[in-house]
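As structure tokens, the structure follows; a few thoughts come after it.
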Amino acid sequence: MGYVKGLICKECKREFEKEPIHVCEFCFGPLEINYDYEGIKKVVNKKSIEAGPPSMWRYQPLLPIDEDPKVGLHTGFTPLVRAKNLGKALGINNLYIKNDSVNHPTFSFKDRVVAVAVSKAIEFGFDTVSCASTGNLANSVAAHAAEAGLKSCIFIPDGLEAGKILGTLVYGSQLIAVKGSYDDVNRLCSEIAVNHKWAFVNINIRPYYGDGSKSYGYEIAEQLGWKTPDNVVVPVAGSSLITKIWKAFHEFEMLGLVDKVQSKIFAAQATGCCPVTTAIKNGTENIIPVKPNTIAKSIAIGNPADGYYGIKTANTSGGYGEDVSDEEVVESMKLLAETEGIFTETAGGVTVGVTKKLIEQGRIKSDETTVICITGNGLKTQEALDDCFEAPAVIEPKVNSFEEIFANSLTV
Ligand SMILES: *Cc1c(COP(=O)(O)O)cnc(C)c1O
């Protein structure tokens, strides 16, 4: 079962067996999945997909597992929302939101990558899963490990939001906060991986993990009526999601499910951590690592693993990269909530804020079909809005008491 032939080096194209490895031992390039596309072509078409479950597994032949998925059966197929109100506020006519803030089970797009990675870890026979995380990955690995009955040991930078910490601990994981940034955590995990034969979902399982993100791109195209949009604005951390949306669109083109892809892919980062958008603006493909300092902690990666490919995706697609300040992030979180009734986390504020900028710059035009990627839930990053609202009025349980307050609030 399954259509994975093995792994292949993205750079030198050497082929490897299906194993929990992620780096080419010859040229140190990243490994990716080598699919049997001829086989896939014979079984995948619009009808076969539409007859599938309302989850990411409707694309199962295009995902890198050999057996049926073991966890995350309800992940994905989240709403693609026609965002008329936000579009009006931003001055464009054809705006959509791909809303993974309601993804299952832990309310971020990371459930897609983890559903694949943990299913694959079980196929490989691991008994413990692990990861280096900026928060959402921690939540998702912990939840899927619980579902699978596996042990989990999870590493995060210290100083993460309360919702991300509790949202990991509740599943019974061992959670370790490392003094330092995500980049310190990631380096430490690579060292720990030498001694502990665990499935580190975003290290040794990374080639499989990454392709879980393709489902986000497939869904955008299918939900637009088997069309790829003119523009996609993507929040960027390690640059996995942005490259996989691009890959997903091109696989659909190759399978004849959509017309020639002409989508522009835009990278969105916070000004306090924007190595990818800085490189795009400077016209270089080389990342200069930075030390993150932003409230958008879930995308605060100073030295992104796939940064080079993220830059290339934006450039070859004809897109661009922009960043926004923390103040703009907060404003944009509020704007999305007030216009569309969607409460996103700080990363979503980044994406909305960057979209606004790109429209102002004329890079996104009013009649083009534009998709904003909303990848996480606002209830997990409540601290960001701490100073934004007054506490609710407290009244006696009496009509008079309410009418008094109501009358006063009208005069404000
Ligand atoms: C992890 C994450 C991203 C981006 O991740 P990549 O590493 O670039 O794939 C975007 N948004 C949220 C909310 C995330 O948690």
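The values are calculated or read from the model by the stated rules, or taken from the named source; none is laboratory data. Please read these numbers as outputs of a predicted model, since none were measured by experiment. Virtual Cβ from ideal backbone geometry, glycine too; neighbours counted across all protein chains shown.
See the values below:
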| read-out | value |
| --- | --- |
| Enumeration of residues in the stretch 338-379 that are buried (at least 17 other Cβ atoms within 10 Å of the Cβ) and small (Gly, Ala, Ser) | ALA347, GLY348, GLY349, GLY353, GLY376, GLY378 |
| Residue identified as within 19 Å of the chain's Cα centre (by Cα) and either surrounded by fewer than 15 Cβ atoms within 10 Å (Cβ to Cβ) or not polar (S, T, N, Q) (or both) among GLY29, GLY6, GLY72, GLY2 | GLY72 |
| Subset of the stretch 60-109 [away from the ligand (no atom under 16 Å from the Cβ), aromatic (Phe, Trp, Tyr) and within 23 Å of VAL236 (Cβ to Cβ)] | TYR96 |
| Evaluation of ALA199 against (1) out of contact with any helix residue (DSSP H, G or I) (no Cβ under 7 Å at 6 or more places or on another chain); (2) of a type in the set (Gly, Ala, Ser); (3) away from the ligand (no atom under 16 Å from the Cβ) (one fails), failing number | (1) |
| Filter result (of a type outside the set (Lys, Arg), in contact with a helix residue (DSSP H, G or I) (Cβ under 7 Å, 6 or more places away or on another chain) and assigned to a loop (DSSP other than H, G, I, E, B)) within the stretch 48-72 | GLY52, LEU63, PRO64, ILE65, ASP66, GLU67, PRO69, VAL71, GLY72 |
| Of residues in the stretch 121-138 being touching a Pro at 6+ places or on another chain (Cβ under 9 Å) and in a helix (DSSP H, G or I), the one nearest to the ligand (Cβ to nearest atom) | ALA121 |
| Residue count, the stretch 177-193 (criterion: surrounded by fewer than 17 Cβ atoms within 10 Å (Cβ to Cβ) and either not assigned by TED's automatic domain parsing to the domain that holds GLU147 or not in a helix (DSSP H, G or I) (or both)) | 3 |
| Test: residue in the stretch 338-346 that is at pLDDT below 95 and aliphatic (A, V, I, L, M) | no |
| Some residue of the stretch 317-328 being within 13 Å of the ligand (Cβ to nearest atom) and either within 23 Å of GLY210 (Cβ to Cβ) or in a loop (DSSP other than H, G, I, E, B) (or both) | yes |
| Output for the stretch 194-239, where each listed residue is assigned to a helix (DSSP H, G or I) and either surrounded by fewer than 17 Cβ atoms within 10 Å (Cβ to Cβ) or among the charged types (D, E, K, R) (or both) | VAL194, ASN195, ARG206, ASP211, LYS214, GLU219, GLU222 |
| Test set (1) outside any strand (DSSP E or B); (2) outside the structural domain of LEU188 (by TED's automatic domain parsing); (3) crowded, with 23+ Cβ neighbours inside 10 Å - ILE92 fails condition number | (3) |
| The stretch 250-270 - residue that is away from the ligand (no atom under 16 Å from the Cβ) and closer than 20 Å to THR351 by Cβ and, of those, surrounded by the fewest Cβ atoms within 10 Å (Cβ to Cβ) | LYS264 |
| The listed residue being within 12 Å of the ligand (Cβ to nearest atom), in a helix (DSSP H, G or I), buried (at least 17 other Cβ atoms within 10 Å of the Cβ) and hydroxyl-bearing (Ser, Thr, Tyr), out of SER332, SER298 | SER298 |
